[in-house]
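Inspection log for the structure reproduced underneath, given as structure tokens.
Just so you know, all these numbers are worked out from the coordinates, no wet-lab data involved. From a predicted model like this one, the values you see are computed outputs, not experimental measurements. Don't worry about glycine lacking a Cβ; one is built from the backbone with ideal geometry, like all the others, and counts go over all protein chains shown.
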Amino acid sequence: MKIMFSAGEASGDLHGARLAESVKRIVPEAELFGFGGTQMASAGVRLVADCAAYSVMGVWEVLMNLSRILSLLDLLTETMKREKPDLLVLIDYPDFNWRLAKRAKTLGVRVLSYIPPSAWAWRKGRAKSCAKLADEFIAIFPFELPVYQAAGANISFVGNPLVDNVRPTMTAEEARTFFGVKDGSYPILLLPGSRVQEISLVFPSMLEGARRIAEEKPEAAFFLPVAQGMDQSRMERMAAKAGVQITFTREHTYDLMGVMEFALATSGTVVMEAALMGLPCIVLYRLSPVSYFIGKLLVHVKHFSLPNILLDEMVQPELLQDEVNPERILSEARRFWAEPGHAEHVKARLAEACERLGPPGSAVRVAQRIVDAARGGKMAEETA
């Protein structure tokens, strides 16, 4: 059995590695190869190209690297011709991977899409075009199914990998000691996002909100986990200018989440990770005026944070654009210490949202679907 993978960024490399490990447990003799990173290589995938060499973001950066990207597409196409895989597994990375899917279609190679394009939120027409190219789809959220089903795609949901990935490694007491959370303090987590644009657009208002919180609740203590690629020195300067004292951390983020009261968080996957750790968030989202104008035309969703989308309800506040201001942040934050039962209610509803991600072990279930597809079988219709 030959299975080819294509995962073009760090998150896809992680997903690909876990799928590869699970496939190998099911079919030890399976030959795995393709486009990925060091984690996939460690899991037994023979790399044709390393995704680290092709990690570019932004329209201008893509244009500057277009010839290299097209060469990569040709390389992977030639690999498919030579190796004749039983299945091509696409992992996210849509702009590149669906061009590769077209090549696979012309070569008669079966295609399975894991984490398909977000047609549920914008550009719904993509679902129909993708359905013509991929034989099977596996979504990581249940709300992704309807738009693809309407397009005639063979799609299912068998769970979300975050359920397995988001786990504490310490007891609450160990975590408090490790991070220096003092008795009698009121710890609050700041999650400004890792991209430069997020730091520029959201973090200043987040800091002003934190300052207002500290003025009203002096026992407040702020913690900020620094992810890879984040400029800590810049954030330290911004915090000092705003007059906010922050403890910066670099490891055991999930353990840190587990001992916080609530978080001020830029919208993204981290909000779902926080929910899995029982941590409520005040969700913030701000774009440049041009991007926001274009987004309003293209994106049609009731909510933009994942727990709210899963519940189809505004369980956690979502502050958008001009709503991201110190007054609104303080007003929403105050509810956690001044409104009896509020925090408990939000945590209970977050637990319900997390249940909708399915049970643990999604990588094993997806791997079985991959093996079945490589053998030429059909993916089951039921969902987790």
With respect to the cross-link table entries LYS102/LYS128; LYS81/LYS132; LYS241/LYS302; LYS217/LYS302; LYS81/LYS128; LYS84/LYS124, which display a Cα-Cα separation exceeding 24 Å?
LYS241/LYS302; LYS217/LYS302; LYS81/LYS128; LYS84/LYS124
Taking Cα atoms, how many degrees apart are the long axis of helix 342-355 and the longest axis of the chain, rounded to 10 and kept between 0 and 90?
10
Determine, for THR177, THR266, the number of other Cβ atoms within 10 Å of each Cβ, and report the residues in order from fewest to most.
THR177, THR266
Just going by the charge dipole of the chain, with Lys and Arg at +1 and Asp and Glu at -1 on Cβ, which of ALA263, SER113, GLY184 is farthest out on the positive end?
SER113
5 Å is the cut-off here: which amide hydrogens, built 1.01 Å from N in the peptide plane, fall below it relative to ILE140, excluding neighbours closer than 5 in sequence?
ILE115
Within 15 Å, Cβ to Cβ, of LEU107, how many net charges do the neighbouring residues add up to if Lys/Arg are +1 and Asp/Glu are -1?
+4
For the residues TYR148, TYR254, what sequence is obtained by ranking on other C-beta atoms within 10 Å, fewest first?
TYR254, TYR148
Projected label distance in nm at ALA172 and LYS347, using a 7 Å step from Cα toward the beta-carbon:
0.6
Structure-derived P(r) over Cα pairs in 20 Å bins from 0, in percent - corresponding label in (i) 24, 52, 19, 4, 1; (ii) 22, 45, 25, 8, 0; (iii) 26, 55, 19, 0
(iii)
Segment THR106-ASP74, length gained on full extension (0.36 nm per residue, minus Cα span)
10.2 nm
Fewest-first ranking of SER267, SER118, SER113, SER129, using other Cβ atoms within 10 Å as the exposure measure:
SER129, SER118, SER267, SER113
Using 12 Å as the cut-off for backbone N distance, which residues of the stretch 9-39 belong to the label zone defined by a point 7 Å from the Cα of GLN368 along Cα→Cβ?
26
Interchain or sequence-distant (5+) residues whose placed amide H lies within less than 5 Å of the amide H of VAL48 are GLY34, PHE35, GLY36
